[in-house]
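Trainee: Below is one structure. I have some questions about it.
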Amino acid sequence: MISKAKALYQVKLILECLPEEEYNLIPKETIEYIEANFEYDEKFSIDPNIPLEKQKIDDRTYEILDKIIKSAEKNKKENELIKNPEMEGYLKEVRESNQNHNMQIENIRLKNLVEILKKENDKIQKAKELLSEYKNVLAQKEDEIERLKRNNQDLYNCIQGLPWIIKKLFIKDFDIKLLNN
């Protein structure tokens with residue numbers, strides 16, 4: 001018995017001998033799998049003029065071919081069902097029904113998105129209001145700071161004048177010099 005990869009090579013060579021209409025019945029995934037996993041065997045070749053039974057083909061190759069034939073027959077039956085006018089009409093109805101159902105689901109999803117966006121827009125409006133209030137509070141704070149600066153300057157000016165007032169009140173005839181910083 002040969003390896004699976006070499007059996008796939010035998011299958012590949014046999015399938016290449018098929019007429020195009022039969023070859024097209026084989027699922028593309030199967031062809032791709034064979035192409036990706038076969039191992040070249042220089043000792044093996046297929047003669048399309050000799051029946052397969054008379055060629056040296058491994059049992060594993062026959063097993064793989066059997067699976068491929070069953071899959072191809074299934075595809076052929078499905079294709080025949082699709083060609084049936086009654087079945088075609090039924091499939092058309094089912095597709096339209098599915099399309100309507102998908103549209104309804106999409107509408108529900110869009111409606112939910114709209115609701116979410118409305119909530120987010122409300123949050124934006126609230127944020128704008130809070131920002132406006134914050135700006136007003138900052139403006140009031142700056143006005144209060146300016147007022148306090150003016151009061152502090154007035155107080156500072158009063159303190160600067162205290163030595164002169166004390167001198168006038170308590171010291172009358174003495175010649176006193178005040179020390180400046």
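The values are calculated or read from the model by the stated rules, or taken from the named source; none is laboratory data. Remember, it's a predicted structure, so these values are computed and weren't measured experimentally. In this analysis, Cβ positions are derived from the backbone assuming ideal geometry, glycine residues included, and neighbour counts consider all displayed protein chains.
Trainee: Quick check on this structure: which one of K128, K74, K92 is free of Cβ contacts under 8 Å to residues at least 40 places away in the same chain, under 30 Å from I34 (Cα atoms), more than 28 Å from the chain's Cα centre (by Cα) and surrounded by 10 or more Cβ atoms within 10 Å (Cβ to Cβ)? Working first, answer last.
Mentor: Numbers: K128 fails: under 30 Å from I34 (Cα atoms); K92 fails: under 30 Å from I34 (Cα atoms).
Going through K128, K74, K92 in turn, the sole match is K74.
Trainee: From the list E29, E39, which residue is surrounded by 12 or more Cβ atoms within 10 Å (Cβ to Cβ), at negative phi and either part of a helix (DSSP H, G or I) or in contact (Cβ under 8 Å) with a residue 24 or more places away in the chain (or both)?
Mentor: Matching residue, one of E29, E39: E39.
Trainee: Testing R60 on (1) in contact with a helix residue (DSSP H, G or I) (Cβ under 6 Å, 6 or more places away or on another chain); (2) at pLDDT 85 or above; (3) outside any helix (DSSP H, G or I), one condition comes back false. Which one is that?
Mentor: It is condition (3) that R60 fails.
Trainee: Hey, any hits in the stretch 45-54 for a residue that's assigned to a loop (DSSP other than H, G, I, E, B), modelled with pLDDT under 85, of a type in the set (D, E, K, R) and out of contact with any Asp or Glu (no Cβ under 9 Å at 6 or more places or on another chain)?
Mentor: Yes, the conditions are met somewhere in the stretch 45-54.
Trainee: Residue check, I82 against (1) touching a helix residue (DSSP H, G or I) at 6+ places or on another chain (Cβ under 8 Å); (2) outside any helix (DSSP H, G or I); (3) exposed (fewer than 12 other Cβ atoms within 10 Å of the Cβ); (4) modelled with pLDDT under 85, all met but one. Which one?
Mentor: Of the numbered conditions (1) touching a helix residue (DSSP H, G or I) at 6+ places or on another chain (Cβ under 8 Å); (2) outside any helix (DSSP H, G or I); (3) exposed (fewer than 12 other Cβ atoms within 10 Å of the Cβ); (4) modelled with pLDDT under 85, the odd one out for I82 is (2).
Trainee: Could I ask something else about it? Taking only pairs six or more apart or across chains, which ones have beta-carbon atoms under 7 Å, a first residue in the stretch 43-62 that is more than 9 Å from Q10 (Cβ to Cβ), and a second residue that is assigned to a loop (DSSP other than H, G, I, E, B) and among the acidic types (D, E)?
Mentor: Partner pairs satisfying both residue conditions: Q55/D47.
Trainee: Just to be sure, is I69 exposed (fewer than 10 other Cβ atoms within 10 Å of the Cβ), hydrophobic (A, V, I, L, M, F, W, C), farther than 18 Å from M1 by Cα and over 40 Å from the mean Cα position of the chain (by Cα)? Step through it out loud before you land on a result.
Mentor: Working: exposed (fewer than 10 other Cβ atoms within 10 Å of the Cβ): no; hydrophobic (A, V, I, L, M, F, W, C): yes; farther than 18 Å from M1 by Cα: yes; over 40 Å from the mean Cα position of the chain (by Cα): yes.
Criteria not met by I69.
Trainee: Of P85, P27, which residue is out of contact with any Gly (no Cβ under 7 Å at 6 or more places or on another chain) and under 20 Å from Y9 (Cβ atoms)?
Mentor: Values: P85 fails: under 20 Å from Y9 (Cβ atoms).
One residue alone meets the criteria, P27.
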